[in-house]
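Participant: Before anything else, here's the structure in question.
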Amino acid sequence: MRLNIPFAGILLLAMNAASPGATFTFSTDPFAGTTVLTTPGRQVVGGELFLSFQTASDVFSFSSALFPPGTMVHFANATAAGIPADANFVVLRDTDDDANAGTPFGAGNAANLIAGSVTAQGPGVFVYFNSGLDLPRLVYSADLSDNTADLRILARMLNLTGQTGRDALATFSEGNFEIVAASVPEPSSLGLAGAALALIASLGRLRRQNVRGF
């Protein structure tokens, strides 16, 4: 099953016979329609998808348009101290950043820990365990190496709550993440678009002629 999830919230469902699991596909700019990237300071955008995720079979799939050209998945599943400098897809095993279980551990806290290890600049994705919600969340970062980078919460995994969710962090693998080529319109679609533009231009010329005739 493949779920195509533009960040605007439209959900498209199609069957994928090649895989027994679900593929959750994120295909559009995570900050589209917002002023996040031009607002000073870190902004955290919520409104995430609620889903069930099976680490044994499911995949989070991202359009290559969300990353610089040629970007490949450099996966890490570790505590902050063990994250490689070039990682761009991270499952953070830390569930606390101040040795105080009473303080919240949210997306910003997790992003800060990751930024302390990652030095390769660029957007990335991470999974962390949110202490307040008591479950894992999927997050897109404008720059994993920057502790002020803007964040977009993509999903929360409702089936991985409590200790079950904490234990599940260790079971995420590189196979749960992929970058796929951005879709290119079919030639027939391009032809239709060109015809539509030509018609619009023709109508515009006729309208100008009519206006001049009055």
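The values are calculated or read from the model by the stated rules, or taken from the named source; none is laboratory data. Since this is a predicted model, take the numbers as computed values, not measurements. Neighbour counts run over all protein chains shown; Cβ positions are idealised from the backbone, glycine included.
Participant: Given (1) free of Cβ contacts under 8 Å to residues at least 60 places away in the same chain; (2) touching a Lys or Arg at 6+ places or on another chain (Cβ under 9 Å), where does A107 come up short, assuming only one miss?
Facilitator: Result: A107 passes all but (1).
Participant: Out of (1) modelled with pLDDT of 95 or more; (2) among the small types (G, A, S); (3) farther than 28 Å from S63 by Cβ; (4) loosely packed, with under 15 Cβ neighbours inside 10 Å, the odd one out for A120 is which?
Facilitator: With (1) modelled with pLDDT of 95 or more; (2) among the small types (G, A, S); (3) farther than 28 Å from S63 by Cβ; (4) loosely packed, with under 15 Cβ neighbours inside 10 Å applied to A120, the lone miss is (3).
Participant: Assigned to a loop (DSSP other than H, G, I, E, B) and not basic (K, R), is that true of G132? Explain how you work it out, then say what you get.
Facilitator: On the way: assigned to a loop (DSSP other than H, G, I, E, B): yes; not basic (K, R): yes.
So G132 fits the description; yes.
Participant: Return the total of residues in segment 51-79 being of a type outside the set (S, T, N, Q), out of contact with any strand residue (DSSP E or B) (no Cβ under 6 Å at 6 or more places or on another chain) and more than 20 Å from D150 (Cβ to Cβ). Reasoning before the result, please.
Facilitator: At the first step, the residues of segment 51-79 found to be of a type outside the set (S, T, N, Q) are 51, 53, 56, 58-60, 62, 65-70, 72-76, 78.
Then drop every residue that is not out of contact with any strand residue (DSSP E or B) (no Cβ under 6 Å at 6 or more places or on another chain), which leaves 56, 58, 65-70, 72, 74, 78.
Now drop any that are not more than 20 Å from D150 (Cβ to Cβ), which leaves 56, 58, 69-70, 72, 74, 78.
The number of residues fulfilling the criteria is 7.
Participant: Which of the residues spanning segment 26-40 are exposed (fewer than 14 other Cβ atoms within 10 Å of the Cβ) and assigned to a loop (DSSP other than H, G, I, E, B)?
Facilitator: Just the residues of segment 26-40 that are exposed (fewer than 14 other Cβ atoms within 10 Å of the Cβ), to begin with: 32-33, 35, 37-40.
The answer is A32, G33, T35, T39, P40.
Participant: Sort out which residues of segment 123-146 are of a type outside the set (G, A, S) and either crowded, with 23+ Cβ neighbours inside 10 Å or in contact (Cβ under 8 Å) with a residue 60 or more places away in the chain (or both), and write them in order of number. Before you say what the answer is, go through the steps one by one.
Facilitator: First, the residues of segment 123-146 that are of a type outside the set (G, A, S): 123, 125-130, 133-140, 143-144, 146.
Correct list: V125, F126, V127, Y128, F129, P136, R137, L138, V139, Y140, L144.
Participant: Let me ask another. Among the residues of segment 171-179, are any farther than 16 Å from A78 by Cα, of a type outside the set (D, E, K, R) and surrounded by 14 or more Cβ atoms within 10 Å (Cβ to Cβ)? So that I can check it myself, show each step before the final result.
Facilitator: Keep residues of segment 171-179 that are farther than 16 Å from A78 by Cα, which gives 178-179.
Then keep just the ones that are of a type outside the set (D, E, K, R); that gives 179.
Remaining after also requiring surrounded by 14 or more Cβ atoms within 10 Å (Cβ to Cβ): 179.
Checked against the condition, which is being farther than 16 Å from A78 by Cα, of a type outside the set (D, E, K, R) and surrounded by 14 or more Cβ atoms within 10 Å (Cβ to Cβ), segment 171-179 yields at least one hit.
Participant: Also: Return the residue satisfying two criteria in turn: it lies in segment 73-92 and is farther than 26 Å from V180 by Cα and of a type outside the set (S, T, Y), and of such residues it is nearest to the chain's Cα centre (by Cα).
Facilitator: Restricting attention to segment 73-92, the residues satisfying the condition of being farther than 26 Å from V180 by Cα are 79-82.
Checking which are of a type outside the set (S, T, Y) leaves us with 80-82.
On the way: A80: 20, A81: 24, G82: 23 Å.
Step by step, filter segment 73-92, then rank; the result is A80.
Participant: Which one of A78, A99, A110, A56 is more than 16 Å from P136 (Cα to Cα) and not acidic (D, E)? Let's see the steps before the verdict.
Facilitator: Working: A78 fails: more than 16 Å from P136 (Cα to Cα); A110 fails: more than 16 Å from P136 (Cα to Cα); A56 fails: more than 16 Å from P136 (Cα to Cα).
Among A78, A99, A110, A56, only A99 is more than 16 Å from P136 (Cα to Cα) and not acidic (D, E).
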